[in-house]
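Heads up, the thing below is written out as structure tokens.
The values are calculated or read from the model by the stated rules, or taken from the named source; none is laboratory data. Given the structure is predicted, the values throughout are model-derived calculations rather than measurements. No Cβ is skipped: glycine too gets one built from the backbone with ideal geometry, and neighbour counts run over all protein chains shown.
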Amino acid sequence: MAYQELIKDFNTTRSVLRDFYVQGFHTRQDFRLKSLRSYDNERRRVESWLRDAMGFRQEPEGKVVFLTVDCRTVRHNPLYEAFRAKSFTPWDAALHFLLLDLFHRQGELSFAAVADQVCGALLQANPDCPLPDASTIRNKLKEGVELGIFCSRKVGKSLYYRLADAAWNPAGWSAALCFASEALPLGIVGAYLLDRYPEQEAFLSFKHHYLSGALDQEILCQLAAAHEEKRKVRLEFQKKEGKAGETLEVYPLKVYCSTATGRNYLLAGRGKGKRPQLFRLDRMEKAAPGEMDPEWAEREKEGKQFIRYLWGIGAGSGKKSRLDHVELDLYAGPEESYIPERLLREKRQGKVVQVSPTVWRFSIDVYDAREMLPWLRTFLGRILRLECSDPRVTRRFWKDLDRLRVLYEEV
């Protein structure tokens with residue numbers, strides 16, 4: 001049975017999930033946010049969510065817990081359960097269903113009529129029932145309009161409300177929602193919609209399933225809203241041991257997802273005289289919206305200029321870091337057209353030219369060529385020439401190859 005106590009502040013829960021189950025392999029003694037009793041409470045709550053998706057081992061320092069998922073038995077991202085445990089007030093639940101029923105039966109109503117009928121329905125059900133005040137009902141209606149559940153229009157000095165026109169028909173959407181909940185950046189939306197379906201057999205599984213991004217989705221939603229409104233955001237990062245967390249005001253431009261690790265990165269502008277920068281979302285605690293920026297077009301232009309020379313997330317150091325130039329010559333036989341096809345598919349901002357019937361040349365300028373080493377190694381056995389303006393890159397490449405050769409020769 002799921003742990004019944006609901007949570008109001010998600011930051012502590014997010015920190016425990018990140019530090020102990022995703023990133024850290026920590027023990028109980030490593031918990032420093034509050035008391036050890038607080039850790040025990042958080043642990044019991046998390047265990048009720050994760051159930052079969054967690055493991056532990058005994059170390060000399062104590063019991064270490066971690067996330068472990070077998071896609072054959074765990075069909076959905078277990079970290080979504082944390083969002084379903086968010087606390088709410090009694091009026092949040094009662095007014096939600098009362099207003100839906102009221103508008104469904106009577107159509108459009110003024111605010112005064114809504115307030116009268118809500119109170120009347122509550123008193124009819126229980127004459128001793130406490131009644132919500134007008135501001136509570138008004139706030140619930142305003143929240144429903146913002147979420148797209150209700151529509152409002154002004155007639156004279158009065159506001160009239162009704163149900164939104166678009167009704168969602170769930171038939172035929174289960175497969176799409178199943179995929180969206182596990183693969184899309186804001187998959188929690190798909191996970192919530194799937195709750196409206198009966199339990200189904202699993203028909204999707206993932207070879208590489210990145211789960212930890214679920215913990216970033218609240219912050220990702222805040223960043224997306226700020227970008228939509230062209231606002232700055234004030235980022236608060238994780239607290240370090242004995243130190244307050246860093247805060248930074250930036251312009252959210254774009255979010256990237258790493259295909260290698262599944263981590264999400266925010267491309268953000270820093271203002272005049274500073275280059276844009278990439279920040280890991282799993283290091284953020286909050287993203288509070290700030291002022292609107294009248295020069296947003298200029299920020300986006302700076303961001304587009306900045307990403308022209310990115311290979312991964314490395315951008316060198318300083319305001320005007322020099323670029324690394326890389327050239328690679330590969331052999332591909334007449335029957336091996338898949339080699340140049342792969343180069344063209346994976347070249348990013350680089351250029352590919354054919355210099356002879358069997359030789360293809362790839363060239364690119366990037367901020368940090370060291371990030372390219374794992375990709376370059378996938379062409380071992382075909383590399384005819386590799387040059388880089390940073391000699392440390394080629395030196396590292398050939399040194400690693402020599403170590404590999406020695407290892408296999410010993411075998």
| said: Could you check the range 146-165 and list, in sequence order, the residues that are within 32 Å of the chain's Cα centre (by Cα), in contact (Cβ under 8 Å) with a residue 12 or more places away in the chain and surrounded by fewer than 15 Cβ atoms within 10 Å (Cβ to Cβ)? | reply: GLY148, ALA164, ASP165
| said: All but one of (1) more than 19 Å from ARG105 (Cα to Cα); (2) without any contact (Cβ under 8 Å) to a residue 40 or more places away in the chain hold for LEU194; state the number of the condition that does not hold. | reply: (2)
| Out of (1) without any contact (Cβ under 8 Å) to a residue 12 or more places away in the chain; (2) over 14 Å from ARG280 (Cα atoms); (3) touching a strand residue (DSSP E or B) at 6+ places or on another chain (Cβ under 9 Å), what's the single condition that is false for GLU228? | (3)
| request: Answer yes or no as to whether ALA315 is more than 24 Å from CYS388 (Cα to Cα), aliphatic (A, V, I, L, M) and surrounded by 15 or more Cβ atoms within 10 Å (Cβ to Cβ). | output: no
| query | Does the range 212-236 hold any residues that are at pLDDT below 90 and more than 15 Å from the chain's Cα centre (by Cα), and which are they? | reply | GLU236
| task | Could you pull out the residue among GLY316, GLY312 that is in a loop (DSSP other than H, G, I, E, B), modelled with pLDDT under 90 and farther than 29 Å from LEU79 by Cα? | result | GLY316
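Of the residues LYS239, LYS254, LYS272, only one is surrounded by fewer than 18 Cβ atoms within 10 Å (Cβ to Cβ) and within 17 Å of the chain's Cα centre (by Cα); which? Explain how you work it out, then say what you get.
On the way: LYS239 fails: within 17 Å of the chain's Cα centre (by Cα); LYS272 fails: within 17 Å of the chain's Cα centre (by Cα).
Only one candidate passes the filter, namely LYS254.
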| remark: Sole miss for LEU330 among (1) assigned to a helix (DSSP H, G or I); (2) modelled with pLDDT of 90 or more is condition (1)
| said: Considering only residues that are loosely packed, with under 15 Cβ neighbours inside 10 Å and either of a type in the set (Ser, Thr, Tyr) or closer than 14 Å to ASP92 by Cα (or both), which ones fall in the range 108-133? | reply: SER110, LEU131, ASP133
| Any hit, the range 370-386, residues being in contact with a Lys or Arg (Cβ under 9 Å, 6 or more places away or on another chain), over 16 Å from LEU310 (Cα atoms) and among the charged types (D, E, K, R) | yes
| request: Find the residue count for the range 107-126, including only residues that are within 16 Å of SER158 (Cβ to Cβ) and either part of a helix (DSSP H, G or I) or modelled with pLDDT under 85 (or both). | output: 7
| query | Which strands (runs of 3 or more DSSP E) does the range 342-405 wholly contain that include 3 or more residues that are surrounded by fewer than 17 Cβ atoms within 10 Å (Cβ to Cβ)? | reply | 351-356, 383-388
| request: Would you confirm whether any residue within the range 320-337 is within 30 Å of GLY269 (Cβ to Cβ), surrounded by fewer than 17 Cβ atoms within 10 Å (Cβ to Cβ), within 36 Å of the chain's Cα centre (by Cα) and small (Gly, Ala, Ser)? | output: yes
